[in-house]
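S.K.: The structure follows.
The values are calculated or read from the model by the stated rules, or taken from the named source; none is laboratory data. Every value quoted in this text rests on a predicted model; they were computed, and no experiment measured them. When we count neighbours, we look across all protein chains shown, and the Cβ atoms used for this are built from the backbone with ideal geometry, even at glycine. Remember, those area values only see protein heavy atoms, side chains included, never the ligands or the DNA or RNA. Shrake-Rupley method; radii C 1.70, N 1.55, O 1.52, S 1.80 Å.
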Amino acid sequence: MRKPLLHLSFLNAFRGIFMMIKSERNFQLELAAFLINLFLIFYLHLSIPDAVLILVVSSGVLAAEIFNTAVEKICDIIQPEFDPRIGFIKDISAGAVLLLAAVSVVTGVLVYWNYIFA
């Protein structure tokens with residue numbers, strides 16, 4: 001199979017992100033948190049290392065949510081009816097997002113604490 005042109009690959013990737021924004025509530029909430037973090041980075045004048053740390057953990061949550069959604073959609077195609085094995089797969093995939101989100105919140109508290117209460 002021939003690889004698509006580079007600009008079409010990017011177009012497909014952006015379409016995937018827009019589909020996530022349009023259809024996934026959790027992604028919308030996490031994107032809002034990402035945008036709030038962008039605002040706080042500039043408003044509080046975070047240092048470069050602190051800003052990078054915040055951007056890495058917040059974008060990691062967004063990426064994890066995309067992977068979680070992909071896993072759930074694949075599971076729904078493979079087994080549309082309830083199956084406890086599929087439920088387990090979906091639960092651990094969602095658990096990975098929750099774990100990264102929790103680490104992201106803790107990271108945010110640790111970083112922003114120095115700027116807000118200093």
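S.K.: Does the range 27-74 hold any residues that are closer than 22 Å to Phe117 by Cβ and among the charged types (D, E, K, R), and which are they?
M.R.: Across the range 27-74, the qualifying residue is only Asp50.
S.K.: Under 20 Å from Leu40 (Cβ atoms) and in contact with an Asp or Glu (Cβ under 6 Å, 6 or more places away or on another chain): is that true of Leu110 in this structure?
M.R.: So Leu110 fails the test.
S.K.: So Arg85 clears everything in (1) of a type in the set (D, E, K, R); (2) over 23 Å from Leu29 (Cα atoms); (3) within 13 Å of the chain's Cα centre (by Cα) except one condition, right? Which one?
M.R.: (3)
S.K.: Let me ask something additional. Quick one: how many residues across the range 63-90 are open to solvent by 40 Å² or more (accessible area, probe 1.4 Å) and either of a type in the set (Val, Ile, Thr) or in contact (Cβ under 8 Å) with a residue 40 or more places away in the chain (or both)?
M.R.: Qualifying residue count, the range 63-90: 6.
S.K.: Something else about it: Mind checking which pairs have a first residue in the range 40-53 that is more than 14 Å from Thr107 (Cβ to Cβ) and touching a residue at least 24 places away in the same chain (Cβ under 8 Å) and a second that is part of a loop (DSSP other than H, G, I, E, B) and of a type in the set (Phe, Trp, Tyr), Cβ under 9 Å, 6 or more apart or different chains?
M.R.: The qualifying pairs do not exist here.
S.K.: Something else now. Kindly evaluate Phe39 against the criterion of being in contact with a Leu (Cβ under 9 Å, 6 or more places away or on another chain) and not charged (D, E, K, R).
M.R.: It is false that Phe39 is in contact with a Leu (Cβ under 9 Å, 6 or more places away or on another chain) and not charged (D, E, K, R).
S.K.: Just checking, how many residues over the range 59-81 are over 17 Å from Leu98 (Cβ atoms) and among the β-branched types (Val, Ile, Thr)?
M.R.: Going through the range 59-81 one residue at a time, the tally reaches 3.
S.K.: Select from the range 1-32 the residues that are touching a residue at least 60 places away in the same chain (Cβ under 8 Å) and not acidic (Asp, Glu) and list them in ascending order.
M.R.: Listed by number, the list holds a single entry, Asn26.
S.K.: Now for a separate question. Those residues that are part of a helix (DSSP H, G or I), open to solvent by 30 Å² or more (accessible area, probe 1.4 Å) and more than 17 Å from Glu24 (Cα to Cα), I need them from the range 97-118; list them, please.
M.R.: Answer for the range 97-118, where residues must be part of a helix (DSSP H, G or I), open to solvent by 30 Å² or more (accessible area, probe 1.4 Å) and more than 17 Å from Glu24 (Cα to Cα): Leu99, Leu100, Ala102, Val103, Val105, Val106, Val109, Leu110, Trp113, Asn114, Tyr115, Ile116.
S.K.: Being assigned to a helix (DSSP H, G or I), open to solvent by 60 Å² or more (accessible area, probe 1.4 Å) and closer than 21 Å to Tyr115 by Cα: is that true of Phe10 here?
M.R.: So Phe10 fails the test.
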